[in-house]
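Here's the structure we're looking at; comments come further down.
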Amino acid sequence: MSSGTGLRGLPVLQVYRMDDDVYERQRRIWNQDRIGAMRVLVGGAGALGNEIVKNLVQIGVKRVYVIDFDRVVASNLNRCLFFRRSDALRRSKKVEVLARRASQINSDVEVVPIHGDIRDLSDDVIRDVDIALGAFDNFHARLVLNLRCYERQVPLIDGGIEGLLGTVQVVVPPFTPCIECGITDMDLQHLWERFSCGGEATGLEGPKIPYVPMTGAVVAGIQVAECVKVHLGLERFKREGNWSDSVGEPMAGKSLLIDLRTGSFYAYDLQRRSDCNVCSL
């Protein structure tokens with residue numbers, strides 16, 4: 001309840017109606033003004049990207065950049081909330097469809113589509129964002145986003161999906177290991193197979209990955225929750241070395257394995273590689 005002044009100078013009480021405030025329930029948990037000022041980059045406009053953007057517009061961030069070079073096809077429809085059969089028939093650009101329909105959920109949020117390759121992303125975008133979320137379905141694109149974010153000291157919440165399995169890794173430069181620190185010999189082999197004999201990338205189109213929508217919903221939900229915790233707690237962490245008590249401690253420097261076949265969640269600490277080309281330079 002607040003007060004104002006009427007026509008005759010008499011006090012007028014104004015009743016605050018909690019159900020008229022879109023973000024009222026969130027204000028009970030965190031500083032919504034800071035969330036409403038957050039600018040986010042989402043790498044990938046496929047299944048995971050759809051779920052991430054949906055969550056971001058619902059919590060009311062200021063701006064969401066979404067980058068992807070792909071177009072909608074029929075096989076996207078079982079896992080991508082914002083795409084329709086008409087989009088597949090027209091082979092519409094994923095980012096444009098996603099931006100248009102996400103804005104219909106919450107017009108307070110500016111959703112900026114970038115149809116292109118992550119390797120060509122403008123530095124102006126990286127400089128403008130507070131945090132990035134990775135939703136790419138191939139390893140090469142994830143490494144490119146990892147490099148771009150670490151160079152600019154932008155926190156990255158990376159996600160991956162395969163069938164009923166999911167992963168989330170939280171990278172907070174320069175305090176934690178990066179995505180490249182966790183590369184295995186098998187990852188390197190897959191990456192090498194995607195290059196031509198001349199050493200040029202054959203493209204960012206990876207192999208088709210099995211997917212069900214439930215996994216994407218779980219992984220994206222965790223990614224956005226980690227995004228909020230990092231954003232709201234990073235200043236205190238840099239100043240005092242610990243995270244915000246109110247919203248919790250993010251999984252900084254950890255990787256989370258999600259197995260929906262058994263309902264298991266396993267988080268483990270990552271180690272920085274001394275020879276990492278990104279975070280150990």
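Highest mean first, the peptides 162-170, 221-229 sorted by other C-beta atoms within 10 Å per residue fall in the order 221-229, 162-170.
Here's how it looks for G163: its modeled amide H is under 5 Å from those of Y211, V212, which are all 5 or more places away or on a different chain.
For the range 96-104, 3J(HN,Hα) computed residue by residue from phi via the Karplus equation (6.51, -1.76, 1.60; θ = phi - 60°) reads 6, 5, 4, 5, 5, 6, 5, 5, 6 Hz, glycine and proline entered as x.
Judged by the gyration tensor of its Cα atoms, with axes a ≥ b ≥ c, the range 40-155 is oblate; a/c meets the 1.5 cut and b/c is at least as large as a/b.
Which whole-number percent gives the relative contact order of the range 31-269, counting Cα pairs below 8 Å spaced six or more residues apart?
20 percent
Residues whose amide H comes within less than 5 Å of that of V112, counting only those at least five positions distant or on another chain, are V64, Y65, V66 (H built at 1.01 Å from N in the peptide plane).
Cross-link reach is defined here as a Cα-Cα straight distance under 24 Å, omitting same-chain residues fewer than 8 places apart; for K229 the lysines meeting it are K54, K62, K238, K254. Spin-label model, M214/R28: points 7 Å from Cα along the beta carbon direction are separated by 2.8 nm.
Less than 5 angstrom separates the built amide H of D70 from those of K94, all sequence-distant by 5 or more or on a different chain.
For the range 31-269, just say rounded, prolate or oblate: build the C-alpha gyration tensor, square-root its eigenvalues into a ≥ b ≥ c, call rounded for a/c under 1.5, and beyond that prolate if a/b exceeds b/c, oblate if not. The shape class here is rounded.
A straight line joining the Cα centroids of the range 228-281 and the range 81-121 runs 29 Å.
None of the figures in this text is laboratory data; all of them are computed from the coordinates on show. Note that the structure is a prediction, hence the values are computed from the model and not measured. Backbone-built Cβ (ideal geometry, glycine too); neighbour counts: all protein chains shown.
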